[in-house]
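The values are calculated or read from the model by the stated rules, or taken from the named source; none is laboratory data. Since this is a predicted model, take the numbers as computed values, not measurements. Here the Cβ positions follow ideal geometry from the backbone for every residue, glycine too, while neighbour counts run over all protein chains shown. Protein only, heavy atoms only, side chains kept; ligands, DNA and RNA dropped before computing areas. Shrake-Rupley method; radii C 1.70, N 1.55, O 1.52, S 1.80 Å.
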Protein chains: 2
Amino acid sequence: MGGRQRLPLEQALLGFLIQRPMHGYDLHRRVQEELGEVWYMGLSNVYGTLKRLEEEGRVESALSPQESRPPRKIYRITPTGERSFLEWLHRPVPAIRDMRVEFPAKLYFFRALGLEGVGELISAQEAACRERLERLERKSSRHGPRDFNRLVFDFRCCQIEAILGWLRVCREQFVGGEP
Amino acid sequence: MGGRQRLPLEQALLGFLIQRPMHGYDLHRRVQEELGEVWYMGLSNVYGTLKRLEEEGRVESALSPQESRPPRKIYRITPTGERSFLEWLHRPVPAIRDMRVEFPAKLYFFRALGLEGVGELISAQEAACRERLERLERKSSRHGPRDFNRLVFDFRCCQIEAILGWLRVCREQFVGGEP
DNA sequence: ATCTGTTATTCACAAAGTGAGTATTCACAC
DNA sequence: GTGTGAATACTCACTTTGTGAATAACAGAT
């Protein structure tokens, strides 16, 4: 099955391109340095994603010839791309499983770009988590203790509760701290 | 990439077959009833897995003709299959992400089969989680606060801490309670 | 008449990303 | 001198796990 979008990869690339135009190879190196320990991304994947982004009009490219080396293809983010990135950035992640990498990536870009509004993002994410938590608690309560489904629901509940705690720490760190 | 095994599906089927021989259609219905709200499993997937299990000698089948309906193929677990299932059952899950479904499945089967040794499983799982937690804490500490990698490591740490709490609840519920 | 359930099987397809292969030229090591 | 690796770009076959539809054949319900 799917359902999962490869949103975060696209958005991460846009997030770097918003800082300055770059070519694919460079982009890949930057991503490796900044996010790489936790978020591996193959070179071919970067090139493929850039191609798609260009077809969608979210980035545009220009060739910059070099003596001796293959010409660089410098990618620049378009206004459309910038809008799409900022929209993504301020929107809480839709699924709990995206909290692990995609949400921290948002926090990272808020800081890297010096943007305002982290507090709102965190609040919205908290609200989304709390809603999910309530729904799961309701589902859980329909099963007896030690029932398999209940175990899984309770497991997920405890994970979300921990996330809510972690989000409070994030707020302390990201809202109104030193830059 | 993968790395993920489809272990749990195989083992779940074995776990039901250890209770009594069944045909695929029936097995599918049972799984749906018992685990289905949380763990969806297509019919074709069940048949495919049974076929593989048979090739590997972990189950064997016998046809049981019916008037009018297609003949049932009754699967029975073999000693090899039983050994493989029990081994799996007592082994803690190797990755944290398997805690969500695979581990509760183990608890479920301990109870459904009336087996001893849940306490040991839970202890081993706690130990595995604690080890993972320490490794992650060490990795986390190599990054400054608000660094992306650190955020993700800390996130994972908080998830594992919550799991350790959840495991304590599991122990209370599953060890030495009424059957 | 048609649909749904029983029972079994097969297969094309999906998604997402990896890794290898292809190109080219320079720099550096041995 | 020759090989290796870095810089730069691109393509593509393949992996994995599983879904959903198609196919078959017949019973009983509506």
Non-local amide H neighbours of B:VAL59 (under 5 Å, H modeled in plane, Pro and chain starts lacking H): which ones? B:GLU54, B:THR78
Per-pair calculated FRET efficiency, R0 = 30 Å: B:GLN19 and A:ARG135 via Cβ, rounded to 0.05: 0.40
Once the in-chain neighbours fewer than 8 apart are removed, the lysines whose Cα is under 22 Å from B:LYS51 read B:LYS73
Using a 1.4 Å probe, how large is the accessible area of A:SER44, given in Å² and rounded to the nearest 10? 100 Å²
Shape call, the stretch A:91-179: gyration tensor on alpha carbons, a/c limit 1.5: prolate
Residue-by-residue Karplus 3J(HN,Hα) for the stretch B:31-41, coefficients 6.51, -1.76, 1.60, Hz, glycine and proline x: 4, 4, 5, 7, 10, x, 4, 10, 10, 6, 8
Given H placed 1.01 Å from N in the peptide plane, which residues other than close sequence neighbours of B:HIS23 have an amide H under 5 Å from its amide H? B:TYR75
Of all accessible heavy-atom area on the stretch A:91-179, the percent that carbon and sulfur account for (1.4 Å): 48 percent
Can you name the residue in chain A whose Cβ lies closest to the A-to-B rotation axis, and give that gap in whole Å? A:ALA162, 2
Which of rounded, prolate or oblate describes chain B when judged by the alpha-carbon gyration tensor and an a/c cut-off of 1.5? prolate
Within chain B, what is the longest stretch that has no GluC sites (Glu not before Pro) placed in a DSSP loop and near at most 13 other beta-carbon atoms within 10 Å? B:117-179
As a test of the formula, what do you get for chain A when each DSSP H run with n ≥ 4 contributes -39,500 (n - 2.57) and the sum is divided by the residue count, at 222 nm and rounded to the nearest 500 deg cm²/dmol? -20500 deg cm²/dmol
If every Lys and Arg gets +1 and every Asp and Glu gets -1 at its Cβ, then about the Cα centre the stretch A:1-85 yields a dipole, in debye to the nearest 20, of 100 debye
Contact order normalised by length for the stretch A:53-145, with contacts defined as Cα pairs under 8 Å and 6 or more residues apart; what percent is it? 19 percent
Find every distance from the label point of B:ARG52 to the corresponding label point in the other copies (7 Å from Cα along Cα→Cβ) and write them in nm, one decimal, shortest first. 2.7
List the lysines whose Cα sits under 25 Å from the Cα of B:LYS139, skipping any in the same chain fewer than 8 residues away. A:LYS106
With a/c under 1.5 counting as rounded, go ahead and sort the stretch B:60-99 into rounded, prolate or oblate using the C-alpha gyration tensor (a ≥ b ≥ c being the square roots of the eigenvalues; past the cut-off, prolate if a/b is larger than b/c, else oblate). oblate
Let's see if you can work this out: charge +1 on each Lys and Arg Cβ, -1 on each Asp and Glu Cβ, no other charges. What is the dipole magnitude of the protein assembly as shown about its Cα centre, in debye to the nearest 20? 440 debye
Hey, what did the stretch A:91-179 get for relative contact order, percent, Cα under 8 Å, at least 6 apart? 32 percent
Once both axes come from the Cα atoms, what is the angle between helix B:148-174 and the longest principal axis of chain B, in degrees from 0 to 90, rounded to 10? 60 degrees
Connecting C-alpha atoms closer than 10 Å in a GNM of chain B, tell me which of B:LEU136, B:LEU151, B:LEU43 has the biggest fluctuation. B:LEU151
Between copies, how close do the A:LEU164 label points come, placed 7 Å along Cα→Cβ, listed in nm from shortest? 2.2
Other-copy label distances relative to B:LEU63, 7 angstrom Cα-Cβ extension, nm: 6.6
For helix A:43-55, report the angle its Cα long axis makes with the longest principal axis of the Cα atoms of chain A; keep it between 0 and 90° and round to the nearest 10°. 80 degrees
On Cα atoms only, tilt of B:118-141 relative to the major axis of chain B in degrees: 40 degrees
Can you give the mean number of other chain Cβ atoms that lie within 10 Å of the Cβ atoms in peptide B:158-165? 5
Dipole magnitude of the stretch A:91-179 about its Cα centre (Cβ charges: Lys, Arg +1; Asp, Glu -1), debye to nearest 20: 440 debye
